[in-house]
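The values are calculated or read from the model by the stated rules, or taken from the named source; none is laboratory data. Treat the numbers as computed from the prediction; the structure is a model and nothing was measured. Methodologically, a virtual Cβ is constructed for each residue, glycine included, from the backbone with ideal geometry; neighbour enumeration extends over all protein chains shown. Areas reflect the complete protein model, heavy atoms only, side chains present, ligands, DNA and RNA absent. Shrake-Rupley method; radii C 1.70, N 1.55, O 1.52, S 1.80 Å.
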Amino acid sequence: GAVVSQHPSWVICKSGTSVKIECRSLDFQATTMFWYRQFPKQSLMLMATSNEGSKATYEQGVEKDKFLINHASLTLSTLTVTSAHPEDSSFYICSSFWTGLYGYTFGSGTRLTVV
Amino acid sequence: SQQGEEDPQALSIQEGENATMNCSYKTSINNLQWYRQNSGRGLVHLILIRSNEREKHSGRLRVTLDTSKKSSSLLITASRAADTASYFCATVQGSSNTGKLIFGQGTTLQVKP
């Protein structure tokens, strides 16, 4: 149980375009979704926390106008990278808390490459 | 923000040897978790140790927790080539039910066949 389905798994886009990443909770209600970014050979850095029906809370240094997060339902949260640039190329992973044994479940990640 | 440090940053061993990774954290915790990440992939939960536990085992994994030193270690015994991956510790900031999971910097483990 507690599966988070993340799509797409990889995407290549042109500089200046926007990309949307989706995370769906398949068998539980994801009240809260966490979004992480991971650069090569680095750890996961928390970008923002989204709660269903309210505005996301962004970590210090993360541009909220660039990384738009929508959490309109208990099963879907989206991250849109607007006007993407090569420096936005990274691995993006979502995570949600669930009341299971470990507490957190993760999407499989999205590799974004901006050319 | 990162919760803490992990060392070593990189570790290379021969198959069959043991691998030990350490993690330090900064704030009080309810539990500490260890995750594995194969290159370019998602995270796999390995083990969770609660703040009132000092040691926990799961198969070839042994985790210790020293809350007085705010540190934890992960030991992988009899390593295999398939254990090659990055390993991260993570702790929760805020409520244990909805708090943010913050990751350490990670240790990259290479197990040579």
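Against the definition (β-branched (V, I, T), farther than 19 Å from B:K100 by Cβ and assigned to a loop (DSSP other than H, G, I, E, B)), how does A:T17 come out, yes or no? Talk me through it step by step, then tell me what you get.
Values: β-branched (V, I, T): yes; farther than 19 Å from B:K100 by Cβ: yes; assigned to a loop (DSSP other than H, G, I, E, B): yes.
In short, yes.
Take B:R80 and tell me if it is closer than 26 Å to A:F91 by Cβ and surrounded by fewer than 16 Cβ atoms within 10 Å (Cβ to Cβ). Even if it seems obvious, please write down each step before you answer.
Values: closer than 26 Å to A:F91 by Cβ: yes; surrounded by fewer than 16 Cβ atoms within 10 Å (Cβ to Cβ): yes.
Yes, satisfied.
Being more than 17 Å from B:A90 (Cβ to Cβ) and within 9 Å of chain B (Cβ to nearest Cβ) is the filter here; which residues of the range A:13-39 pass it?
Keep residues of the range A:13-39 that are more than 17 Å from B:A90 (Cβ to Cβ), which gives A:13-31, A:39.
The answer is A:T31, and nothing else.
For residues in the range B:15-44 being touching a Gly at 6+ places or on another chain (Cβ under 6 Å) and within 12 Å of chain A (Cβ to nearest Cβ), which is farthest from A:F91 (Cα to Cα)? Outline the logic, then answer.
Within the range B:15-44, the subset touching a Gly at 6+ places or on another chain (Cβ under 6 Å) is B:23-26, B:42.
Retained after the next criterion (residues that are within 12 Å of chain A (Cβ to nearest Cβ)): B:23, B:42.
Values: B:C23: 23, B:G42: 10 Å.
Here the residue is B:C23.
Taking the range A:39-93 on its own, how many of its residues are touching a Ser or Thr at 6+ places or on another chain (Cβ under 6 Å) and on the phi > 0 side of the Ramachandran plot?
Qualifying residue count for the region: 0.
Those residues that are open to solvent by 80 Å² or more (accessible area, probe 1.4 Å) and in contact (Cβ under 8 Å) with a residue 40 or more places away in the chain, I need them from the range B:18-72; list them, please.
Residues satisfying the conditions are B:N18, B:K26, B:N30, B:S39, B:K69.
Where residues in the range A:40-61 are within 11 Å of chain B (Cβ to nearest Cβ) and part of a strand (DSSP E or B), which of them is farthest from B:E5 (Cα to Cα)?
A:N51
For every residue, the table says whether it meets (1) in a strand (DSSP E or B); (2) farther than 11 Å from B:I29 by Cβ.
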site	(1), (2)
B:I47	yes, yes
B:H57	yes, yes
B:R62	yes, yes
B:L65	yes, no
B:S68	no, yes
B:S72	yes, no
B:A78	no, yes
B:S86	yes, yes
B:T91	yes, no
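Every residue, every condition in (1) modelled with pLDDT under 95; (2) part of a strand (DSSP E or B); (3) within 17 Å of A:H7 (Cα to Cα), yes or no:
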| site | (1), (2), (3) |
| --- | --- |
| A:H71 | yes, yes, yes |
| A:T78 | no, yes, yes |
| A:S83 | no, no, no |
| A:F91 | no, yes, yes |
| A:S96 | yes, yes, yes |
| A:L101 | yes, no, no |
| A:L112 | no, yes, yes |
